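**Student:** Before I ask anything, here is the structure I am working with.
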Amino acid sequence: MAKAVKICLAGEGGQGVQSVAEIIAAAANAEGREALYIPNFGVEQRGGVSIAYLQIADQPIGAPKFDKADILVALSDRAVRRCKQYVDENTVYVYDASIEGVEDDLPKEGEAKKVLAIPALEISKNELHPRVFNILIMGAVIGATGVIPVDAAKAAIEKKLGYKFEQNPQLRELNFKAIDRGIELMK
């Protein structure tokens, strides 16, 4: 990887944006890669816009913040509006298909490399479980960027949530299914 992959994840507080960035960064570090993660959120833990800036590279990363993202994932209407500035013609822009009223705020043709609406919320509610919505999003990021191997992501989830998996082994299967389903969405 010649340059750092710049990832911007944005959503409402409580959607798990920060957890996803933290797990991806941990997985990259475990693979011997450089990872830099910066959280940005208001004083509200739930209800405010939460943005995670994440960079992953094979060499040291020069600056913590970036101007434009290689991939931007927006999970709420306010996140769509708040993150316009991080998009350019090289950005893969992913947003949840259930977000309404943002048509005028999405990048137009030529303003982003790709604009993809994915049914993450619908899939997590109807196929999996609402609690794994963020892990499904994590799978989408991995599927779109290939920034870390899926096995590394699963190992990082195991490390972070292993104590919960011991109490309820079905949670492991559910989380791993969510990652796989998110990767599948990006194919």
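**Student:** Using the Cα gyration tensor of the stretch 115-187, with a ≥ b ≥ c the square roots of its eigenvalues, what is the shape: rounded (a/c below 1.5), prolate (a/b larger than b/c) or oblate (neither)?
**Tutor:** Because a/c hits 1.5 or more and a/b fails to exceed b/c, the stretch 115-187 counts as oblate.
**Student:** Okay, moving on. Looking at ALA117, VAL49, ASN90, which one has the Cα that reaches farthest to the positive end of the dipole of the stretch 21-122 (charges on Cβ: Lys, Arg +1; Asp, Glu -1)?
**Tutor:** It is VAL49.
**Student:** Measure off, as a whole percent, the carbon and sulfur share of the 1.4 Å-probe accessible area of the chain, all protein chains present.
**Tutor:** C and S fraction of accessible area: 48 percent.
**Student:** Taking all pairs of distinct Cα atoms, average 1/r, flip it, and tell me the Kirkwood hydrodynamic radius of the chain in Å to one decimal place.
**Tutor:** 16.4
**Student:** Further question: Can you tell me how the stretch 52-138 classifies by the Cα gyration tensor, rounded, prolate or oblate, using a/c under 1.5 as the rounded cut?
**Tutor:** Since a/c reaches 1.5 but b/c is at least a/b, the shape of the stretch 52-138 is classed as oblate.
**Student:** For the chain, what are the DSSP H helices with axial Cα length of 15 Å or more and mean Kyte-Doolittle hydropathy of at least 1.0?
**Tutor:** Helices passing the filter in the chain: 17-30, 133-145.
**Student:** So, one more: Residues of the chain: accessible area per residue at 1.4 Å, in Å²?
**Tutor:** Accessible area per residue, the chain: 50 Å².
The values are calculated or read from the model by the stated rules, or taken from the named source; none is laboratory data. This one's a predicted model, so the numbers in the text were calculated from it and none came from an experiment. So basically every Cβ, Gly included, is an ideal-geometry build from the backbone, and we count neighbours across all protein chains shown. Side chains included, ligands, DNA and RNA excluded: accessible areas come from the protein's heavy atoms. Shrake-Rupley method; radii C 1.70, N 1.55, O 1.52, S 1.80 Å.
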